[in-house]
Amino acid sequence: MIHRRLESYVEAFNKQDAAAVAAFWSSDCVSTAEDSGQRVEGREALQQHFAAFFKEAPGARLAGQITDIQMVRPDVALIEGRTTLVVGDAEPLVSVFAATLVKDGNQWLISNSREHDLPLPTSPHEALQDLEWL
C-alpha cells in the first residue's frame, strides 16, 4: 500500500499538478530540504511551493524508490528512499529522503519529510563504485 502511494505521488508530480501533490501531505506537514535549509510547513504552503517549482521547471520528471519501511504503529510508518529529479537537460539530481507517514482513514499521508542531495560522481570510476559488490 505504501509503495503504491509513492507511485501515485510520482504520477501526480510528473503531471505537474501541485494540488494533487499537496493532497499526499497532511494538513500540518513539514518538508525540509537539508542542503538548502528550506523548510515548508503546511499543505497549503507546500502546494504553493510545488506550483512555483512547476512554473520554474516545466517538464520536470521525478522517479522514486522506497528502500526501507518501519511500521511504528498500525497508523504510523517511517520510510526511507531515494528520488531522481530530471529538469531539462541538466544532470539528474539524486536525493535520499526519510519521511513519517500517518494513516488518515484509508490514506497514508506524509507528515514530515527530510531530504538531501547525493553528490554527483566526479569520475566514471566513482559512478560505478556502488556496483562494486557485483
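For the chain, a Gaussian network of Cα nodes joined below 10 Å ranks Pro58, Pro92, Pro74 by mean-square fluctuation, and the top entry is Pro74.
Restricting the count to DSSP beta bridges whose residues both fall in region 2-116, what percent are antiparallel, rounded to a multiple of 5? Walk me through the numbers before you get to the answer.
Working: 34 of 39 bridges.
Of the beta bridges lying entirely in region 2-116, close to 85 percent run antiparallel.
The chain: longest stretch without exposed GluC sites (Glu not before Pro) (DSSP loop, at most 16 other Cβ within 10 Å), sites themselves excluded? Segment 35-131 is the longest.
Max-minus-min Cα coordinates of region 2-116 on each principal axis give 42, 27, 27 Å, with the largest extent listed first.
No value in this document is a laboratory result; all are computed from the given coordinates. Since the structure is predicted, the reported quantities are computational estimates derived from the model, not experimental observations. Cβ coordinates were reconstructed from backbone atoms using ideal geometry, including for glycine residues, and neighbour counts include every protein chain displayed.
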